[in-house]
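Since the structure comes first, as structure tokens, the remarks are kept for the end.
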Amino acid sequence: MSARGDRYITAKSPVEGLRRRRLSFLPVFAQAVANVAPAGAMSVIPALIFPGLVFGTSGPNLLMTFGAAMAVIVLVSFCLRPMAQRMAAVSGLYSYTAKGLGPRTAISAGWSAIFGYALVAMASLLAVGTYGVELFINLGLQLADSRGLTALVILVAAAGACLLMVRGIRLSAWSTLLMESISIAILTVVLIVYFAFNASSVNLDGVFAWHGNFDSLWIGIVVAVSAFVGFESPTTLGGEARRPFVSIPRAITWTPILAGVLYLIAATAQDVALDEASPSIIASSTPLSNLISSTSPMVAAVLDFGIAASWFACAIASVNALSRILFCMGREGVALRAVGRTHPAFRTPSTAIMMVMPVIAAVPIAAILFGVSPGLALTNLFTLGAYGYLGSYILASASLPFFLRRIGENTTASWILGSATPLILAFVLWAAATVSVQAGNLQSFIYGAVFLASVLYATFLHYRRPGRLASIGIYDETRDSDLFHDRWTP
Amino acid sequence: MNYRPSYAGTGPAATSLRILEVVARFGTGTTAKEITEALQIPQATAYRALNALVADEYLARTSNLRGFALGHAITGLITAAAPPAVSTAARNVMERFRSGNRFAVHLIMYRNASLRIADEDPDYPLHAAFEMLRYPHASAAGKLMLAELGDSSGSVPMRPLSKLTEYTITDRSQLEAVLAEVRATKQASDVNELEEGSASLAFPITMPDGNLGAALCLFGPSARFPTICEQQEAARELTMRMAPLLF
């Protein structure tokens, strides 16, 4: 045994095969921002909360809804941060939960996160298709039936995303950063220009007025939270980030704040803009684009491009995160062993990506081909995805004090934060689920079924495959090369 | 484990350094609790400092995340600050060689791409000790090290090569040619390059694994460089005897 104590440092990393410690801060940050997709969310999600389609004129106040959602998400980021500072996780909240609440709970957290990422990736591809087609229409393309074209756009986007992700995390992270920057820039400029031209008719009174009820506020918060989800996805890059204990905590702290500020501005703007728009625009699946299209089709086309780019980046970021969770599960033996393989040259979890991508592309294509309205499909996919994320957030934030206690670093603050945050999240989730069930919606049952399945699977593992359950919780451990070495050689 | 630091600083920098000292003393696997107890500092302060040290890789967490070990970022500081240890047997061999020699004989050791003066000739102290450690391209011992490092390692400073005298090699390609020659002949020389009027000849002392570990340096007036070169055979024989005493 060497002086460094071999029992403390493992010789071979359990997540061997990924390109280790190469991503600088910007691509890590880009992973978070792209997965949140602020540009896309700014233009789609407020409109989903707003429209008469769901609530009529008694819809909740947009500013209040987004403010509350931001506060909830910032609390979650406070819970995740101490864990991100201590553990270079490759599978994000799944790893944290495994270390905090144990492997059985981790299965539920992992499945919830995978469910969330998958649903948001599907919704993103659907949004790419919808806005892609809208772009062609604004450019003057006449279409009797846009369904075939939408499906084609989705297929091409899915193939392109797959290629970028398999090719390497650096390439996909940098391309998402590029696309996200373009789309945020386009959206900001378009909104500013729109208001500069329509300044005279702007009426801010409605923005701050409270005319909703609390029932619609809860479901509104869940939908608004779905505009923030994905901010935690850099926690799946612990192995690949160059300085994981700096860049990941920083990215998950600042992304919700940045996105929240953008949303508050955008929500105000759209509240004003859509207030005076005709009901047909409000009820459409691309309201912002339609609104501007009535002024200038060219500007609308640019806007469509920006929004589609943002959603494309979001699809990539979601699947990047998802594939790394699956990769870890494969390595641990709680998912197919094959998904634990990495590409020999590109060093990405390529098998997981290639297995997941067809499913993610198939759902929106099927929805389009069967004639489901894109607006309705988007609302359902995003809300369902938000349930998955919320489920994983609850379990991961509840893990914080147990995680810290396990390594002997718990504090009073961690117990307060780790109990208050999951309670608030659970309350929001419960209130939203109640409202949704009363409205005859199946979303909460679908997520409930997924959660139940994960519990059953974990129970099965507990009794039949305890060895596999015990191997849960792998992460990018310290290696010999990370340690101090007294080298005599020059 | 009872440990009280001799000097108790209170600033954040002092806290960080004292934590590093505790981890170095207690060894790999030292926990946050042991550190707060040893240093008598508040938990929150310790956790903040520990997280910052881990973030910058001065410390690394062990596999169970509870314990700490010194990280690779501290390597430079420790090896640069710690003086190399030379055994009495090695010093005696050096002493005997010096008594039969009219030139200055120094023992230089290499650690982490830097030169350390391990045993200085008491009769002829090094005039340009600082320059020698600072500008390896100008001295014989420094050239031995640069030749061993090769150009791929990135340890050769990329900044312009300083001109200490008018003979110092400041041209990169010229230096590369000289280093290639050093690799071939397994010895390096400098005439007037480090200091006007002085010359030196350096011979490698290799470690058991064949890597360069130290150098034997003969110093003398540059006018007498040919005479220094006559000592080659004896010096090489000395390096063979020194190697097992040093490594």
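The values are calculated or read from the model by the stated rules, or taken from the named source; none is laboratory data. Here the structure is a predicted model, which is why all the values come from computation and not from measurement. Virtual Cβ from ideal backbone geometry, glycine too; neighbours counted across all protein chains shown.
Points to keep in mind about this one:
- Considering residues of the stretch B:70-87 that are within 11 Å of chain A (Cβ to nearest Cβ) and of a type in the set (S, T, N, Q) only, the residue nearest to the chain's Cα centre (by Cα): B:T79
- B:A138 away from chain A (no Cβ under 14 Å), buried (at least 23 other Cβ atoms within 10 Å of the Cβ) and within 25 Å of B:P221 (Cα to Cα): yes
- Of the helices (runs of 4 or more DSSP H) lying entirely inside the stretch A:18-120, those containing at least 2 residues that are surrounded by fewer than 24 Cβ atoms within 10 Å (Cβ to Cβ) and modelled with pLDDT of 90 or more span A:25-36, A:62-84.
- Condition met for A:G375 (part of a helix (DSSP H, G or I), under 16 Å from the mean Cα position of the chain (by Cα) and at pLDDT below 95): no
- Qualifying residue in the stretch A:384-399 (condition: out of contact with any Gly (no Cβ under 6 Å at 6 or more places or on another chain), surrounded by fewer than 19 Cβ atoms within 10 Å (Cβ to Cβ) and in a helix (DSSP H, G or I)): no
- Checking A:A449 against (1) modelled with pLDDT under 90; (2) of a type outside the set (K, R); (3) at negative phi, the condition it does not meet: (1)
- Failed condition for B:A118, given (1) farther than 18 Å from B:N192 by Cβ; (2) at pLDDT 90 or above; (3) away from chain A (no Cβ under 14 Å): (3)
- Checked against (1) facing chain A (nearest Cβ under 7 Å); (2) of a type in the set (S, T, N, Q); (3) in a helix (DSSP H, G or I); (4) over 13 Å from A:F245 (Cα atoms), B:S63 passes all but condition (3).
- Pick from the stretch B:169-203, criterion among the polar types (S, T, N, Q) and closer than 19 Å to B:A215 by Cβ, ranking: surrounded by the fewest Cβ atoms within 10 Å (Cβ to Cβ): B:T185
- Test: residue in the stretch B:103-111 that is more than 23 Å from B:L218 (Cβ to Cβ), surrounded by 14 or more Cβ atoms within 10 Å (Cβ to Cβ), out of contact with any helix residue (DSSP H, G or I) (no Cβ under 7 Å at 6 or more places or on another chain) and not aromatic (F, W, Y): no
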